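The values are calculated or read from the model by the stated rules, or taken from the named source; none is laboratory data. Please read all numbers here as calculations on a predicted model, not as lab measurements. Neighbour counts are summed over all protein chains in view; Cβ atoms, including those assigned to glycine, are modelled from backbone coordinates with ideal geometry. Ligands, DNA and RNA are excluded from the accessible area calculation, which covers all protein heavy atoms including side chains. Shrake-Rupley method; radii C 1.70, N 1.55, O 1.52, S 1.80 Å.
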Amino acid sequence: MPEINAAINLLSLINDTGELSSARLFNITNGKSRNGAHIASHSWEIDKITVDPVIGSEWVSPTGKEYFLTYNITLESSTLPGKLLVEVFKNQELVMSEEQTDYQGLGKVTGTIGESDIHNGQAWLEIEAI
């Protein structure tokens, strides 16, 4: 997100036991750990992260798999709330094998983080079929 010179690492896993999400904000001014990894400047609580697919954004790929291509992301926080819209570009599906098809590709990010408007954010996503 060039407007705030930062990046968010967001992970949302859904399995038989429920949903597990993690979101952390990184920038170049917060320093690095002993192993050289950037230190997060903000982390959102696990139960304050919502990733909702946008109904109507479904796309059927050439392999016949269906994916949501747009997501609303809500990051609740008293100090740094976020409302983001992530839109994935079509035609980026990767066929890994006959049994496993994966969608990995680029997208754009718009919305707000704290008081800052995001207009030119970029995203890398890995999405499982619906």
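Annotation note: of Ser61, Ser41, the sole residue that is more than 12 Å from the chain's Cα centre (by Cα), surrounded by fewer than 16 Cβ atoms within 10 Å (Cβ to Cβ) and hydroxyl-bearing (Ser, Thr, Tyr) is Ser41. Scoring Ile55 on the criteria (1) free of Cβ contacts under 8 Å to residues at least 24 places away in the same chain; (2) open to solvent by 40 Å² or more (accessible area, probe 1.4 Å); (3) farther than 25 Å from Tyr103 by Cβ; (4) not charged (D, E, K, R) leaves a single failure, condition (3). Would you confirm, using the coordinates I've provided, whether Ile4 is closer than 19 Å to Ser116 by Cα, out of contact with any Asp or Glu (no Cβ under 7 Å at 6 or more places or on another chain) and surrounded by 11 or more Cβ atoms within 10 Å (Cβ to Cβ)? It is true that Ile4 is closer than 19 Å to Ser116 by Cα, out of contact with any Asp or Glu (no Cβ under 7 Å at 6 or more places or on another chain) and surrounded by 11 or more Cβ atoms within 10 Å (Cβ to Cβ). Could you tell me whether Gly31 is farther than 21 Å from Pro2 by Cα, more than 18 Å from the chain's Cα centre (by Cα) and either surrounded by fewer than 16 Cβ atoms within 10 Å (Cβ to Cβ) or at pLDDT 95 or above (or both)? Spelling it out, it is not the case that Gly31 is farther than 21 Å from Pro2 by Cα, more than 18 Å from the chain's Cα centre (by Cα) and either surrounded by fewer than 16 Cβ atoms within 10 Å (Cβ to Cβ) or at pLDDT 95 or above (or both). If you go through the range 64-89 and keep only what is surrounded by 14 or more Cβ atoms within 10 Å (Cβ to Cβ) and of a type in the set (Val, Ile, Thr), you end up with Thr70, Ile73, Thr74, Val86, Val88.
Per-residue answers, yes or no, for (1) open to solvent by 90 Å² or more (accessible area, probe 1.4 Å); (2) more than 23 Å from Ile118 (Cβ to Cβ):
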| site | (1), (2) |
| --- | --- |
| Ser12 | no, no |
| Asn35 | yes, yes |
| Lys48 | no, no |
| Gln92 | no, no |
| Asp102 | no, yes |
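The residue that is modelled with the lowest pLDDT, among those in the range 1-28 that are within 19 Å of Leu75 (Cβ to Cβ) and among the β-branched types (Val, Ile, Thr), is Ile14. Of all positions in the range 58-71, none carries a residue that is modelled with pLDDT of 95 or more and over 17 Å from Leu125 (Cα atoms).
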